[in-house]
Amino acid sequence: MEHLQSMTNKQKKCGTIRKVLLWPNTGKKGMAFAVRQAAEVIREFGAQVILTDLALTIGIKPDGFLVYSVQKAMIEADFIVVLGGDGTILAMAQQAAPYHVPILGVNLGHVGFMSELEFPELRLIGRVFNGEYTIDERMMLDVEVLRGEEIVYRTMALNEAIIKTGSIFRISLLDILCDREPVCSLHGDGVIISTPTGSTAYSLAAGGPVIEPSAENISVVPICPHGVQPRSYLFSPHREICIQPRFFNDATIFVSSDGRRGFELTDGDHVFVRKAPFCTRLLRVKGNSFYSLLNEKLTIGRN
């Protein structure tokens, strides 16, 4: 089984697509209907549809589907259709990246910045089968917490890693280092370490810059800093960022990646963030540029 390969020529035909994974947001109402509609389009092109066990909990009958574990689905699928919003894509990205499986996002959420299609455009999935697509490779972050000599937390993030105080009534003091060299000390609510993909999410709301995906910079953006601080720092993707929290006033500090459950830090912990060895591969079938999408989703320059 060979996954879809990245193309420079949009008209280049892909190999035979045999299996497609459907990954729905199981917490959203009406998702069973969306799964059936997407499966119908995929089957028109002669491909089999994979679901994981979790998808069956929304009332889908297994008849006509291949029901696999997540790991087997990653191995077998030629590409993945994610039905949901950006949060659903973020959850899938961590699973798909190590297997290099491309993702086509169909937005059933709100902004849907990473999604390529809206639900009424479902039939455009057929362009993937016809070879009319490109692959947008997005940098990810490798996030780990070192406690003494032991790695006690490790994950990947497509959007960002956030180090933040656990109480709205406490502030944090975080020492930021780049390749072991001190950069600054941030006194405030916390810090966001973001990829270009995440630069249009929480980082933007905190005053960070918009970074086009091909730049592959790592941004460090303070959250509600106390005192005079730069609004952000930009680093090369080859740098290793280290955050050392200082604990005082019974503060609790957590690290969270892509909105997942936070991991509580303790005194002496070091959080290391660097470019991950894998990337998220997003399928593009409409030919929209990053900036046209930026204007559409964020309504920049519009009344």
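Observations on the structure shown:
- Test: residue in region 65-76 that is over 17 Å from T16 (Cα atoms) and modelled with pLDDT under 95: no
- Scanning region 262-295 for residues that are closer than 21 Å to L177 by Cα and surrounded by 13 or more Cβ atoms within 10 Å (Cβ to Cβ) yields F263, L265, D269, H270, V271, F272, V273, R274, K275, A276.
- Among residues of region 247-276 that are without any contact (Cβ under 8 Å) to a residue 40 or more places away in the chain and assigned to a loop (DSSP other than H, G, I, E, B), none has a Cβ under 6 angstrom from a residue that is of a type outside the set (D, E) and surrounded by 16 or more Cβ atoms within 10 Å (Cβ to Cβ) at a sequence gap of 6+ or on a separate chain.
- Counted residues, region 29-46 - those being part of a helix (DSSP H, G or I), in contact with a Gly (Cβ under 7 Å, 6 or more places away or on another chain) and farther than 16 Å from D63 by Cα: 1
- Verdict on D175 being more than 30 Å from A96 (Cβ to Cβ), touching a residue at least 60 places away in the same chain (Cβ under 8 Å), surrounded by 15 or more Cβ atoms within 10 Å (Cβ to Cβ) and of a type outside the set (K, R): yes
- Residue count, region 49-64 (criterion: modelled with pLDDT of 95 or more and surrounded by fewer than 18 Cβ atoms within 10 Å (Cβ to Cβ)): 0
- Qualifying residue in region 94-102 (condition: in contact with a Cys (Cβ under 9 Å, 6 or more places away or on another chain), outside any loop (DSSP other than H, G, I, E, B) and among the aliphatic types (A, V, I, L, M)): yes
- Residue list for region 178-197, filter: without any contact (Cβ under 8 Å) to a residue 60 or more places away in the chain and either in a loop (DSSP other than H, G, I, E, B) or not polar (S, T, N, Q) (or both): E181, P182, V183, C184, L186, H187, G188, D189, V191, I192, T195, P196
- Of all residues in region 149-164, those satisfying the criterion of being in a strand (DSSP E or B), buried (at least 24 other Cβ atoms within 10 Å of the Cβ) and out of contact with any Lys or Arg (no Cβ under 9 Å at 6 or more places or on another chain) are E160, A161, I162, I163.
- Every residue from region 231-246 that is touching a residue at least 24 places away in the same chain (Cβ under 8 Å) and of a type outside the set (D, E, K, R): S232, Y233, L234, F235, P237, H238, I241, C242, I243, Q244, P245
- Residues of region 194-239 that are under 19 Å from S256 (Cβ atoms) and aliphatic (A, V, I, L, M): A201, L204, A205, A206, I218, V220, V221, I223.
- Counted residues, region 110-148 - those being assigned to a strand (DSSP E or B) and under 25 Å from T200 (Cα atoms): 13
- Selection count where residues are on the phi > 0 side of the Ramachandran plot and either crowded, with 24+ Cβ neighbours inside 10 Å or β-branched (V, I, T) (or both), scope region 68-110: 1
- Extreme residue, nearest to T52 (Cα to Cα), among residues of region 74-93 that are touching a Ser or Thr at 6+ places or on another chain (Cβ under 8 Å) and not in a helix (DSSP H, G or I): V82
- Close pairs from region 102-124: first under 16 Å from Q37 (Cβ atoms) and modelled with pLDDT under 95, partner in a strand (DSSP E or B) and of a type in the set (D, E), Cβ under 9 Å, at least 6 apart: N107/E118; L108/E118
- Selection within region 16-28 - β-branched (V, I, T) and not in a loop (DSSP other than H, G, I, E, B): V20
One line per residue, one yes/no per condition, for (1) over 22 Å from S115 (Cα atoms); (2) of a type in the set (A, V, I, L, M); (3) in the same structural domain as F263 (by TED's automatic domain parsing); (4) touching a Pro at 6+ places or on another chain (Cβ under 6 Å):
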position	(1), (2), (3), (4)
G148	yes, no, yes, no
V152	yes, yes, yes, no
R170	yes, no, yes, no
I192	yes, yes, yes, no
E212	no, no, yes, no
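The values are calculated or read from the model by the stated rules, or taken from the named source; none is laboratory data. Fair warning: this is a prediction, and the values are worked out from it, not measured in the lab. Cβ atoms come from the backbone with ideal geometry, glycine included; neighbour counts cover every protein chain shown.
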